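Colleague: One structure, pasted below without further comment.
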Amino acid sequence: MLPAPDPDLRTPDLHLVFQADPMSVQRSLRQMLGQAPLAGLSAEDLGMAELVLAEVLNNVAEHAYSDGGGTVSVSLERDQAGIRCQIVDQGRAMPGGTLPQGLLPGGPGTALEDLPEGGFGWHLIRSLCADLAYARVDGQNRLGFVLPTNGPGPSDHGART
């Protein structure tokens, strides 16, 4: 059974279902960036969207499906708040059934060379998104968030209303 988009969302501007493996994530992310609603964003907003979506989708591939592949569903919709994103998978649930806190590793006095290579992802996601919410529903992980935008990009001839 494929993961389904959130029934509470209106018809998304873009909906993709793909394998949650590194190559498929990369290919699908490239596809998302080239289509509405992301294609019309400013360079800054597009870069932020790419960063957040790559981090979230790579987390699904690496952690939710660490024991083998599965599918992931991405629904994107532009509204007044920005780009509403819904990520759905049938992989392993978040530990404790909640989102990671996203605390930065190390402390104020930690030397650069002593910082770990990873551990910054959830801090980044929490810093760049609004309305971040997670739920485990009927065996599916549902992650929703908004990517705030600063307005239309140079290729967009007016914001959607």
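Coordinate-derived values only; no laboratory data. Keep in mind it's a predicted model, so treat the numbers as computed, not measured.
Colleague: Quick one: what are the phi-derived ³J(HN,Hα) couplings along the range 137-142, Karplus 6.51/-1.76/1.60 with θ = phi - 60°, whole Hz, x for glycine and proline?
Modeller: So the Karplus estimates, Gly and Pro as x, are 10, 6, x, 10, 7, 10 Hz.
Colleague: Same structure again: Please give the contour-minus-distance gain from D21 to L124: 0.36 nm per residue of separation, less the Cα-Cα distance, rounded to one decimal in nm.
Modeller: Length difference between fully extended and current span is 34.9 nm.
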